[in-house]
Amino acid sequence: MPREILENKRKALKINLDESIYGTFAEIGAGQEVARNFFTAGAASGTIAKTMSAYDMVFSNSIYGAEESGRYVSESRLDKMIQHEFELLSERLTGPKYEGKTFFAFADTVTTLNFNKTNDPHGWLGIRFQLSPGGEPNDIVLDNFSGTGTTPYASSKMGRQYIGIDLVEDYCEYARDRMLRLYKERNR
């Protein structure tokens with residue numbers, strides 16, 4: 001029997017129907033589509049504790065704090081979002097109803113091409129999740145414009161799970177070689 005390849009809506013529904021998964025979606029900037037996919041798939045009330053969307057920097061700052069760098073589409077902002085949202089889940093969702101749940105906090109911060117086409121669109125996506133109820137959280141960060149792999153390299157040195165993507169093949173090859181050198185250094 002051939003394997004069924006699920007489309008986004010079916011994947012979201014499959015997650016929504018899993019009674020053990022429960023969490024939060026936080027999206028700032030242009031990345032306002034992920035939670036919508038879970039809502040339109042159906043049965044989202046079994047999966048989604050909260051969604052949060054902030055397009056204005058003042059709102060974002062009041063929730064997550066100001067960014068020293070002034071950049072809101074950054075790994076630093078993503079880290080603050082994931083940490084804040086996961087802490088809220090852990091603090092507020094206690095008791096028998098939540099004992100069998102594995103919590104997650106998904107966050108993204110994205111900028112798209114502006115009207116005048118004077119910027120470079122980019123984004124950061126990440127998720128903190130538990131593999132078992134009450135278990136230690138795990139993080140995965142996705143940088144979809146990874147370039148030469150500076151951020152994956154630094155994240156790897158800090159012990160973080162990381163996925164870096166770039167459309168330019170030369171960048172991908174350079175980043176791969178860089179990560180292989182790091183791996184070899186660790187395993188000497």
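We did not get these values from a lab; they are worked out from the coordinates using the rules stated. Please read these numbers as outputs of a predicted model, since none were measured by experiment. With ideal geometry, Cβ positions are generated from the backbone for all residues, glycine too; neighbour counts draw on all protein chains shown.
A few notes on this one:
- For the range 29-188: rounded, prolate or oblate by the Cα gyration tensor [a/c cutoff 1.5]: oblate
- Rounded, prolate or oblate (a/c below 1.5 giving rounded, otherwise prolate when a/b exceeds b/c) for the range 36-100 by Cα gyration tensor: oblate
- The mean sequence separation of alpha-carbon pairs under 8 Å and at least six residues apart, normalised by the residue count of the range 50-147, gives a relative contact order of 23 percent.
- A helix-only calculation puts the chain at -11500 deg cm²/dmol for mean residue ellipticity at 222 nm, using -39500 (n - 2.57) for each DSSP H run of at least four residues, averaged over all residues.
- In this label model, THR40 and LEU167 are separated by 2.2 nm, measuring between points 7 Å along each Cα→Cβ vector.
- Pairs of lysine residues in the chain that meet both criteria, 8 or more places apart or on different chains and Cα atoms under 18 Å apart, total 5.
- Highest-first arrangement of 100-109, 138-147, 87-96, 173-182, where packing means the average Cβ count within 10 Å: 100-109, 138-147, 173-182, 87-96
- When each of the peptides 164-171, 2-9 is scored by how many other beta carbons lie within 10 Å of its residues on average, the order from highest to lowest is 164-171, 2-9.
- Nearest-0.05 FRET efficiency for ASN8 and ARG92, computed from C-beta distance (R0 22 Å): 0.15
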